[in-house]
Amino acid sequence: MDAPSITDWISAVGTAVIGLLGFFITGWQWRVAGFVPKMRVRVDHHREAIEIVIVNRGRAAGIVDQVDIIAPSGQIIEGIEFEDFPDSRFKLLRLPALASMRIVLQTPENRTFPKDAYALIGIGKARPKRRRLKPTPPHVGLFGLSSVLPPGTFPS
């Protein structure tokens, strides 16, 4: 019996590399074929407004079904106004593939968001995601900004 030659080894290694490459490409394609939201949550310097930016990096649409601000005590903060939403209350949103949205939340007059509050954001079937409120620089204000939602979100 002859020992394997160098060309046999090169062929075997090449086949293994192509197999691994195919495996990783298939896994990546499977991941980006779904709803892949990336979120950023910021609170302005005066703690009067919160901006939530959600970017869908996937190729499938998804649902944003919950946006709550939770106080350090664990209670949901009531009375928050969602800019550009009917009755200033959160409504279920559909985020198309490869799209983004900005949701702006404001406190009622003479109130601020607590220092250690956090956002709880529900995205479809997954458990709601907990996000810390990252402060903006002092010269960046969010109060008075409009929400930017996908076209046709709320029919007239």
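Before moving on, here are some points about what is shown:
- In a fully extended conformation the segment linking residue 2 and residue 146 would gain 44.3 nm over its present Cα-Cα distance, using 0.36 nm per residue.
- Relative contact order (%) - the chain, alpha-carbon pairs under 8 angstrom, separation at least six: 27
- Residues listed by number, segment 123-156, amide nitrogen under 14 Å from residue 60 label point at 7 Å toward C-beta: 124-126
- Footprinting exposure proxy ranking of 103, 63, 25, 6, fewest other C-beta atoms within 10 angstrom first, gives 6, 25, 63, 103.
- Likely footprinting exposure, 107, 112, fewest C-beta neighbours within 10 Å first: 112, 107
- Remark: spin-label model distance residue 125-residue 28 equals 2.6 nm, labels positioned 7 Å along the Cα→Cβ axis.
- Most mobile of 35, 113, 24 in a GNM of the chain (Cα contacts under 10 Å): 24
- Bridgeable lysines around residue 38 (alpha carbons under 19 Å apart, same-chain partners fewer than 8 residues away excluded): 125, 129, 134.
- Against the main long axis of the alpha-carbon atoms of the chain, helix 6-32 sits at an angle near 20°.
- The chain: equivalent-ellipsoid semi-axes (sqrt of 5 x gyration tensor eigenvalues, Cα, Å): 47, 18, 13
- Highest mobility in the GNM of the chain, judged by mean-square fluctuation with C-alpha springs under 10 Å and restricted to 12, 119, 99, is found for 12.
Coordinate-derived values only; no laboratory data. Because the structure is predicted, anything quoted here is derived from the model rather than measured. Using ideal geometry, Cβ is built from the backbone for each residue, glycine included, and neighbour counts are taken over all protein chains shown.
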